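Engineer: Take a look at the following structure, please.
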Amino acid sequence: HLGLNQDEVFRVRIASILHDVGKLGIRDGILNKPGLLTDDEFAVMRRHPDIGAQIMAPIRMLRDIIPGIRNHHESWDGRGYPDRLRGEQIPLVARIIGIADTFDAMTTNRPYQAAMPLEHVLERMRQLAGSRFDPAVIAAFTAAVEAGDITPPASEPLAPVASKEVS
C-alpha cells in the first residue's frame, strides 16, 4: 500500500521482528511490571531503541535495518525518542514500525490495558496522523486494514481479577 519494492518490504519485516531487541537490556522488573511505570522506570524503558541499535551495530548485514530499530519511537512532530527526529528525517522503515507497534499495543491485551475495538484504534491512529504519525503512512495503513491485508491479532480474554471475600 506504500508502493515499496521487495527489498524494502524485506527490510521492514526484519526490522519489525527485531525492533524491540533492546529490551534485552531492560530489567525484568520494569519490563514485566503490571501497572504504570514511574517516570524513572519510563526513562529506563526509553533506552531500548538505542540499546537495540547498539546490539545490532556489529552485524554488517543488518546495517540497513538499524534505523527501524533505533527510531521506531520517533514522532512526526519531533517529540519522539531517542533522537527527536521529525517528519521525513525519520527513516520510512521506522515510521512504518512505529504505526504497526502502536496498532499491536492497542489491539492486544496488555498487563496495563485491555485490547481495544478495531474501529476505536483506527480512529485514534487517524487522529494522531500529523503529530505522532506520518499522514501518508497512516493513509496506507488504513487502506491495508480496510482491504483486509492487516487484521488485529486474536485477543485472549482477560483473566478475571480476583476479589477479596469480606466476612
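The values are calculated or read from the model by the stated rules, or taken from the named source; none is laboratory data. Computed from a prediction, not measured in an experiment: that's the story for all the values here. Because the Cβ atoms are built from the backbone with ideal geometry, glycine has one as well, and the counts that use them run over all protein chains shown. Heads up: the accessible areas ignore ligands, DNA and RNA and are worked out on the full protein's heavy atoms, side chains in. Shrake-Rupley method; radii C 1.70, N 1.55, O 1.52, S 1.80 Å.
Engineer: I'd like to know if the stretch 71-82 contains one or more residues that are open to solvent by 60 Å² or more (accessible area, probe 1.4 Å), modelled with pLDDT of 95 or more and part of a helix (DSSP H, G or I).
Structural biologist: no
Engineer: How many residues are within 17 Å of the chain's Cα centre (by Cα) and assigned to a helix (DSSP H, G or I) when one looks only at the stretch 109-121?
Structural biologist: Selection size over the stretch 109-121: 2.
Engineer: Next question, about the same structure. Does the stretch 108-120 hold any residues that are of a type outside the set (Phe, Trp, Tyr) and surrounded by fewer than 19 Cβ atoms within 10 Å (Cβ to Cβ), and which are they?
Structural biologist: THR108, ASN109, ARG110, PRO111, GLN113, ALA114, MET116, PRO117, LEU118, GLU119, HIS120
Engineer: Another question, then. For the stretch 34-52, give me each residue that is at pLDDT 95 or above, open to solvent by less than 60 Å² (accessible area, probe 1.4 Å) and over 25 Å from ILE138 (Cβ atoms).
Structural biologist: Correct list: GLU41, ALA43, VAL44, ASP50, ILE51.
Engineer: Also, quick follow-up: Only one of GLY35, GLY98 is small (Gly, Ala, Ser), under 18 Å from ARG13 (Cα atoms) and in contact with a Phe, Trp or Tyr (Cβ under 9 Å, 6 or more places away or on another chain). Can you tell me which?
Structural biologist: Of GLY35, GLY98, the one residue that is small (Gly, Ala, Ser), under 18 Å from ARG13 (Cα atoms) and in contact with a Phe, Trp or Tyr (Cβ under 9 Å, 6 or more places away or on another chain) is GLY98.
Engineer: Let me ask something else about it. Report, by residue number, each residue of the stretch 127-152 that is in a loop (DSSP other than H, G, I, E, B) and over 13 Å from MET106 (Cα atoms).
Structural biologist: LEU128, GLY130, SER131, ARG132, ASP134, ALA147, GLY148, ASP149, ILE150
Engineer: Take the residues in the stretch 53-64 that are part of a loop (DSSP other than H, G, I, E, B) and at pLDDT 95 or above; name whichever of them is farthest from SER16 (Cα to Cα).
Structural biologist: If we take residues in the stretch 53-64 being part of a loop (DSSP other than H, G, I, E, B) and at pLDDT 95 or above, then PRO58 is farthest from SER16 (Cα to Cα).
Engineer: Quick check on my filter: what residues within the stretch 83-107 are open to solvent by less than 50 Å² (accessible area, probe 1.4 Å), modelled with pLDDT of 95 or more and not hydrophobic (A, V, I, L, M, F, W, C)?
Structural biologist: GLY87, PRO91, ARG95, GLY98, ASP101, THR102 - these are the residues of the stretch 83-107 that are open to solvent by less than 50 Å² (accessible area, probe 1.4 Å), modelled with pLDDT of 95 or more and not hydrophobic (A, V, I, L, M, F, W, C).
Engineer: OK, next. Can you tell me which residue in the stretch 108-144 is nearest to ILE96 (Cα to Cα), limited to those that are modelled with pLDDT of 95 or more and among the polar types (S, T, N, Q)?
Structural biologist: THR142
Engineer: Kindly list the number of the only condition in (1) of a type in the set (D, E, K, R); (2) open to solvent by less than 50 Å² (accessible area, probe 1.4 Å); (3) assigned to a helix (DSSP H, G or I); (4) farther than 23 Å from ARG13 by Cβ that fails for ARG124.
Structural biologist: (2)
Engineer: Scanning for something hydroxyl-bearing (Ser, Thr, Tyr), touching a residue at least 12 places away in the same chain (Cβ under 8 Å) and either open to solvent by 30 Å² or more (accessible area, probe 1.4 Å) or closer than 30 Å to LEU122 by Cβ (or both), does the stretch 15-33 turn up at least one residue?
Structural biologist: Yes, the conditions are met somewhere in the stretch 15-33.
Engineer: Would you confirm, using the coordinates I've provided, whether ALA100 is on the phi < 0 side of the Ramachandran plot, part of a helix (DSSP H, G or I), among the aliphatic types (A, V, I, L, M) and in contact (Cβ under 8 Å) with a residue 60 or more places away in the chain?
Structural biologist: It is true that ALA100 is on the phi < 0 side of the Ramachandran plot, part of a helix (DSSP H, G or I), among the aliphatic types (A, V, I, L, M) and in contact (Cβ under 8 Å) with a residue 60 or more places away in the chain.
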